[in-house]
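S.K.: My questions will all concern the structure given below.
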Amino acid sequence: MLLGVNIDHVATLRNARGGNDPDILTAVRICKDCNVASITTHLREDRRHIKDADVEAIRMMPRVRLNLEMAMTKEMQKFALKIRPHAVCIVPEKRQELTTEGGLDVAGQLKWAIEFTKPLIDKGIEVSFFIDPDVHQISAVSKTGAPFIELHTGRYSNTYGTPDEEKAFEDLKGAAVFAQNFGLKVNAGHGLNYDNVHRMHEIPNLVELNIGHSIISRAVFVGLDKAIKEMKSLCEVVRGK
Ligand code: PXP
């Protein structure tokens, strides 16, 4: 599996003091030197971490694949069409949430999802929808023309090591297989860390994992380069083999 590194929390730390430390583009360069598949970043409506100028600067960096997470709003569609990231992941957004708490309800706004997706695809941007492992949402995405889904792994991550883990895991695995039968490619992310990521290898044909908080947290102690390399090797190698 490929690793996309979400660098939002480098910006969270920077914004705590309002200056330029730690520098976002230095973080991106380190990710790039570690050969990560994508730099993922979520431009939120409230711009609480990453700012427009950060995304624009990342987009200008050579040999960096930008995966822009964004809400399904006119404002974000316009921004994406302007800067043309390599990929966008369409996510739900609530102002008060600490992080993206659940998947997007694509089935409940299918018409808008189709209208939203088309110009992005026409510009050659790879579109994915961040959804819960739910068959209704998957079949809705299959009607939008988007080639990818990203499965929300939050319930699996939160129940890891508890009696509820197995059900959460089986739901994820079943959803991935169901989506692949529709011809969709499947990414996954949210709450994945150095302990729980290994079970993603049990899900067939996952393309990419997008991981942020655990990597940036570990980077505080071991450095970003080492934190990424450790996670990358967990993504690439099946534990115990
Ligand atoms: N994927 C998506 C779509 C997300 O919104 C997030 C969080 O911004 C992540 C992955 C990464 O989650 P975490 O920071 O918990 O690894």
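The values are calculated or read from the model by the stated rules, or taken from the named source; none is laboratory data. These numbers come from a predicted model, not from an experiment. Cβ atoms come from the backbone with ideal geometry, glycine included; neighbour counts cover every protein chain shown. When the accessible area is computed, the model is the full protein with side chains, heavy atoms only, and any ligands, DNA or RNA have been set aside. Shrake-Rupley method; radii C 1.70, N 1.55, O 1.52, S 1.80 Å.
S.K.: If Lys and Arg each add +1 and Asp and Glu each add -1, what is the summed charge of the other residues whose beta carbon sits under 13 Å from the beta carbon of Ala140?
M.R.: Numbers: positive: Lys111, Lys143; negative: Asp105, Asp132, Asp134.
Here the count lands on -1.
S.K.: Using a simple spin-label model with points 7 Å from Cα along the Cα→Cβ vector, what separation in nm is obtained for Asn205 and Lys94?
M.R.: Modelled inter-label distance: 3.4 nm.
S.K.: Can I ask one more? Once fully extended, how much extra length lies between Glu75 and Thr12, figured as 0.36 nm per residue of separation less the alpha-carbon to alpha-carbon distance? Don't skip to the end; give the middle numbers.
M.R.: Details: separation 63, 0.36 × 63 = 22.68 nm, distance 2.22 nm.
Computed gain between Glu75 and Thr12 is 20.5 nm.
S.K.: Please compute the length gained on full extension between Ala57 and Asn20, using 0.36 nm multiplied by the number of residues separating them and subtracting their Cα-Cα distance.
M.R.: On the way: separation 37, 0.36 × 37 = 13.32 nm, distance 1.37 nm.
Length difference between fully extended and current span is 12.0 nm.
S.K.: Give me the one-decimal nm value for the distance between modelled label points at Ser233 and Gln109, 7 Å along each residue's Cα-to-Cβ direction.
M.R.: Output for this residue pair reads 4.3 nm.
S.K.: A follow-up question, please. List, in the order given, every pair from Lys74/Lys226; Lys51/Lys94; Lys173/Lys229 whose Cα-Cα distance in the structure shown is over 28 Å. Don't jump to the answer; show the numbers that get you there.
M.R.: Numbers: Lys74/Lys226 39 Å; Lys51/Lys94 17 Å; Lys173/Lys229 26 Å.
The pairs that break the limit, which is 28 Å between Cα atoms, are Lys74/Lys226.
S.K.: Could you tally the net charge around Asn210, taking each other residue with its Cβ under 10 Å from the Cβ of Asn210, Lys/Arg +1 and Asp/Glu -1?
M.R.: Working: positive: none; negative: Glu69, Glu150, Glu208.
Result for the local shell: -3.
S.K.: At 1.4 Å probe size, with no ligands or nucleic acids counted, give the accessible surface of Ser233 in Å², nearest ten.
M.R.: 60
S.K.: Moving on to the next point. Going 7 Å from the Cα of Asp164 along its beta-carbon direction, which residues of region 98-125 have the amide nitrogen within less than 19 Å of the resulting point?
M.R.: Within reach of a label on Asp164, which here means backbone N under 19 Å from a point 7 Å along Cα→Cβ, region 98-125 contributes 98-104.
S.K.: In the chain, carbon and sulfur make up what percent of the accessible area (probe 1.4 Å)?
M.R.: Values: 6080 of 11290 Å².
Whole-percent figure for carbon plus sulfur exposure: 54.
S.K.: Per residue, how much accessible surface does region 158-241 expose to a 1.4 Å probe? Answer in Å², no decimals.
M.R.: Values: 4270 Å² over 84 residues.
Value returned for region 158-241: 51 Å² of accessible area per residue.
S.K.: Pull out a ≥ b ≥ c, the square roots of the eigenvalues of the alpha-carbon gyration tensor of the chain, then state rounded if a/c is under 1.5, prolate if not and a/b is larger than b/c, and oblate in the remaining case. The partial results should precede the final answer.
M.R.: Details: a/c = 1.56, a/b = 1.06, b/c = 1.47.
Cα axes put the chain in the oblate bin.
S.K.: Within a Cβ distance under 15 Å of Asp122, other residues only, what is the Lys/Arg minus Asp/Glu net charge? Mind showing how you got there, number by number?
M.R.: Details: positive: Lys78, Lys82, Arg84, Lys118, Lys123; negative: Glu115, Glu126.
Its environment carries a net charge of +3.
S.K.: With charges only on Cβ, +1 for K and R and -1 for D and E, what is the dipole size of the chain about its Cα centre, in debye, rounded to 20? Write down the numbers at each step before the final one.
M.R.: Details: 32 positive and 32 negative charges, 149 e Å.
Using only the charged Cβ atoms, the result is roughly 720 debye.
S.K.: Compute the longest continuous run of the chain that contains no exposed chymotrypsin sites (Phe, Trp or Tyr not before Pro); treat a site as exposed when its DSSP state is not H, G, I, E or B and it has at most 15 other Cβ atoms within 10 Å. Each step should come with its number before you reach the end.
M.R.: On the way: sites that count: Phe182, Tyr194.
No qualifying site falls inside 1-181, the longest such stretch.
S.K.: Could you give the length gained by full extension between Val220 and Lys82, i.e. 0.36 nm per residue of separation minus their alpha carbon distance, to one decimal place? Walk me through the intermediate numbers first.
M.R.: Numbers: separation 138, 0.36 × 138 = 49.68 nm, distance 3.41 nm.
Going from the current span to full extension adds 46.3 nm.
S.K.: Between region 169-202 and region 34-56, how far is it from one alpha carbon centroid to the other, in angstrom?
M.R.: 23
S.K.: List the residues, sorted by chain then number, that are 5 or more residues from Glu126 or on another chain and whose placed amide H is less than 5 Å from its amide H.
M.R.: When sequence neighbours closer than 5 places are left aside, the close amide H contacts are Ala87, Val88.
S.K.: In the full protein assembly as shown, how much of His190 is accessible to a 1.4 Å probe, in Å² to the nearest 10?
M.R.: Surface open to solvent at His190 totals about 50 Å².
S.K.: Mind checking region 45-83 for trypsin sites (Lys or Arg not before Pro) that DSSP puts in a loop (not H, G, I, E or B) and that have at most 11 other Cβ atoms within 10 Å?
M.R.: Numbers: sites: Arg47, Arg48, Lys51, Arg59, Arg63, Arg65, Lys74, Lys78, Lys82; in loops: Arg47, Arg48, Lys51, Arg63, Arg65.
Answer by residue number: Arg63.
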